[in-house]
Amino acid sequence: MCSYLHRAPNGVYYCRMGIPADLRPFMAGKRKIKRSLGLKDREAAQALIPDMTKTAHALLKQAERDKAAAIPRLRTH
């Protein structure tokens, strides 16, 4: 089973990915990225997961860049 694929009680599948604690302040305090796939067919939903995880990973990478920019750089003299 895809670890990012989950089914809501209404039968609609969605993509869910946790956000690491250190990146949450850079993602509006959210604990997870969750997007509805709008499908009740598991196989069709599984086909969308690669694109959804790529998008979610891009959001996490941006949060990492934002975090790095927020940390003051130490200067060597």
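When percent of Cα pairs over 22 Å apart is computed from the coordinates, the matching label among (1) 14; (2) 23; (3) 36 is (3). Listed by chain and number, the aspartates and glutamates whose alpha-carbon sits under 20 Å from that of Lys61, ignoring those within fewer than 8 places in the same chain, are Asp22, Asp51.
The residues of the chain expose, per residue, 74 Å² of accessible area to a 1.4 Å probe.
The values are calculated or read from the model by the stated rules, or taken from the named source; none is laboratory data. From a predicted model like this one, the values you see are computed outputs, not experimental measurements. The accessibility values were calculated without ligands, DNA or RNA, using every heavy atom of the protein model including side chains. Shrake-Rupley method; radii C 1.70, N 1.55, O 1.52, S 1.80 Å.
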